[in-house]
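Okay, so here's the structure we're looking at.
Values in this text are rule-based calculations from the coordinates and carry no lab data. Given the structure is predicted, the values throughout are model-derived calculations rather than measurements. Cβ sites come from the backbone with ideal geometry, for glycine too, and all protein chains shown count toward neighbours.
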Amino acid sequence: MTRVAMIASSYLPHLGGVEEHVLHVADALVRRGHDVVVWTVEQNGTAPVTGGPAPVRHLPCPMPNMSPGGAARWAAAYPDARRAWQRAFEADRPEVLDIQCYGPNGPYATALARRTGTPLVYSNHGETFMDAHGSFDTSLLLRRTLARTLKAADAVTSCSAFAAADLGRFGPTTAPVTIVGNGIDLEQTPAPVDEPLPAHYVAGVGRLVANKGFDTLLDAYAALGRDDLDVVIVGDGPYRAELASRATALGIADRVWFLGARSRGEVRTVLDGATAHVVPSHVEAFGIVILEGWRSGVPVVCTRAGGPPEFVTDDEDGLLFDPRSPDDLAQCLRRLLDDDGLRDRIGEAGRRRAASFTWDAVADRYEETFAVAGDAAPDGARRRRA
């Protein structure tokens, strides 16, 4: 048994890929007998998490900024934050500290690992280029602290080789990078959707931000010119109004359904009924929504930018397209719509592939990684020399 602190940049009740990853990995590790606690960034108004697989602590992570008085406010807040982290460590006594997605949690976890000699793991989710606010492009502090973490970490994981390669621009890693992808709950029960869905539709699932590329999906759908097919988009975010305006400008507003954020069960229901599932992101670090489409046995059409080509085989268990080209996406959709055999073949191949992406398989990799980290720093001596 290993006592692990999974130190997440965000966690429930917030929803997203990292939150889902931490939830399911914690659950799998606890079922195997490990002692897991989730530490996450304290946010104003965050409700306590109850009923999850592991206890949760919300820890303060103040960061200095360039605003007038920003450094002074951070200097005043830092001592209390440092003590809160130390108290959490003394209460939980983790044997491994695992940074899940680097944000304000990263510098504090790295400093704690160094002070206590505890093995440190950094689990990268592509946040260095996927962050909606471009934090790593705008924050010199984050870039510098990430560089120190990469040097200090006893083990590093990344959701894809593409995401791992991006870490190179922040500096070298002392430990080799292990690829640990995402998983999916194959037994997720469908849940009723509280409004009727169209008879035939392509589905898109994700947060409505610019990078997710739903503008490309709308442009491609408009180019198809099909009056026997609609578009159903599940998700919410700051880009929703712009997408609705784009649909109106394209003359397709009456065929585009914005369902907003939905439960996991409702997402399953939407995908189960789709003709195809489109993942049009400008770039994806991994693309957990691909696994959701595979689970439903519908053909997945996804971006070739980023991590997806590492596990999706074009024309076998999915169709890959250039996310900069609505015409390329439209052509993929035409192929599926005009060829029932192709649609069935790709959908069934995806369903078979989904069986390889269980959360237990992901937990296997983490167990191996934690063992490597422990062997790399049995007494913390290397870190103290860093």
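In the Gaussian network model of the chain, springs joining C-alpha atoms below 10 Å, which of T248, T145, T178 carries the largest mean-square fluctuation?
T248
Counting Lys and Arg as +1 and Asp and Glu as -1, what is the net charge of the other residues whose Cβ lies under 12 Å from the Cβ of A132? Walk me through the intermediate numbers first.
Values: positive: R207, K212; negative: E127, D131, D137.
Neighbourhood net charge equals -1.
Once fully extended, how much extra length lies between D227 and K151, figured as 0.36 nm per residue of separation less the alpha-carbon to alpha-carbon distance?
Working: separation 76, 0.36 × 76 = 27.36 nm, distance 5.58 nm.
Stretched out fully, the D227 to K151 stretch lengthens by 21.8 nm.
Only Cα pairs under 8 Å and at least 6 apart count here; give the relative contact order of segment 201-354 as a rounded whole percent. Intermediate values should be presented prior to the final figure.
On the way: 298 pairs, mean separation 37.4, N = 154.
24 percent.
Explain nothing, just the number: relative contact order of the chain, from Cα pairs under 8 Å at least 6 residues apart, as a whole percent. Walk me through the numbers on the way to the answer.
Working: 748 pairs, mean separation 60.4, N = 386.
For the chain, the relative contact order is 16 percent.
Choose one answer from R82, R304, R295: the residue with the largest mean-square fluctuation in a GNM of the chain with alpha-carbon springs under 10 Å.
Ranking R82, R304, R295 by mean-square fluctuation puts R82 first.
Quick one: dipole size for the chain, taken about the Cα centre, charges +1 on Lys/Arg Cβ and -1 on Asp/Glu Cβ, in debye to the nearest 20.
Values: 40 positive and 50 negative charges, 417 e Å.
Rounded to the nearest 20 debye, it is 2000 debye.
Roughly how many debye, to the nearest 20, is the charge dipole of segment 201-354 about its Cα centre, given +1 on each Lys and Arg Cβ, -1 on each Asp and Glu Cβ, and no other charges? Please list the in-between numbers first.
Values: 19 positive and 25 negative charges, 101 e Å.
Roughly 480 debye, rounded to the nearest 20.
Suppose only helical runs count, i.e. DSSP H with n ≥ 4. What mean residue ellipticity at 222 nm does that imply for the chain under -39500 (n - 2.57) per run, divided by all residues and rounded to the nearest 500 deg cm²/dmol? Please list the in-between numbers first.
On the way: 15 runs with 167 residues, N = 386.
Estimated from H runs of four or more residues: -13000 deg cm²/dmol.
Once label points are set 7 Å from the Cα along Cα→Cβ at both N44 and D185, what is their separation, rounded to one decimal in nm?
Those two pseudo-labels are separated by 3.2 nm.
What is the extension gain from H14 to T138, computed as 0.36 nm multiplied by their sequence separation minus the C-alpha to C-alpha distance, in nm to one decimal?
Numbers: separation 124, 0.36 × 124 = 44.64 nm, distance 2.38 nm.
Value of the extension gain: 42.3 nm.
Taking the Cα atoms of segment 240-290, report the difference between the largest and smallest coordinate on each principal axis, in whole Å and largest first.
30, 25, 20
Tell me, what ³J(HN,Hα) does each residue in segment 190-206 have, in order and in whole Hz, if you take phi through Karplus 6.51 cos²θ - 1.76 cosθ + 1.60 with θ = phi - 60° and put x for Gly and Pro?
Each residue's phi maps through the Karplus curve to give x, 10, x, 9, 7, 8, x, 9, x, 5, 9, 7, 9, 10, x, 10, x Hz.
List every residue whose amide H lies under 5 Å from the amide H of T178, counting only residues 5 or more places away in sequence or on a different chain, with H placed 1.01 Å from N in the peptide plane.
When sequence neighbours closer than 5 places are left aside, the close amide H contacts are V156, T157, S158.
Quick one: Cα centre-to-centre distance for segment 263-278 and segment 104-137, in angstrom?
Taking the Cα centre of segment 104-137 as reference, the centre of segment 263-278 is 33 Å away.
Among residues other than G374 whose Cβ falls under 9 Å from its Cβ, what is the net charge (Lys/Arg +1, Asp/Glu -1)? Walk me through the intermediate numbers first.
Details: positive: none; negative: E95, D154, D375.
Summing Lys/Arg as +1 and Asp/Glu as -1 gives -3.
Taking the Cα-to-Cβ direction at A253 and at L342 and moving 7 Å from each Cα, how far apart do the two end points lie in nm?
Once both label points are built, they end up 3.3 nm from each other.
Near R226, within a Cβ-to-Cβ distance under 11 Å, what is the net charge of the other residues, with Lys and Arg +1 and Asp and Glu -1?
Numbers: positive: R255, R334; negative: D227, D228, D230, D338.
Spelling it out: positives minus negatives among the neighbours equals -2.
Among D315, D92, D194, which one shows the biggest mean-square fluctuation in a GNM of the chain, springs joining Cα atoms closer than 10 Å?
The residue that fluctuates most here is D194.
List E367, E195 from most exposed to least, where exposure is judged by having the fewest other Cβ atoms within 10 Å. All intermediate terms of the calculation are to be shown ahead of the outcome.
On the way: E367 16, E195 7.
So the residues, fewest neighbours to most, are E195, E367.
When you take every Cα atom in segment 201-354, what is the radius of gyration, and what is Dmax, the widest Cα pair distance, in Å?
Looking at segment 201-354, its Cα Rg and Dmax stand at 13.8, 40 Å.
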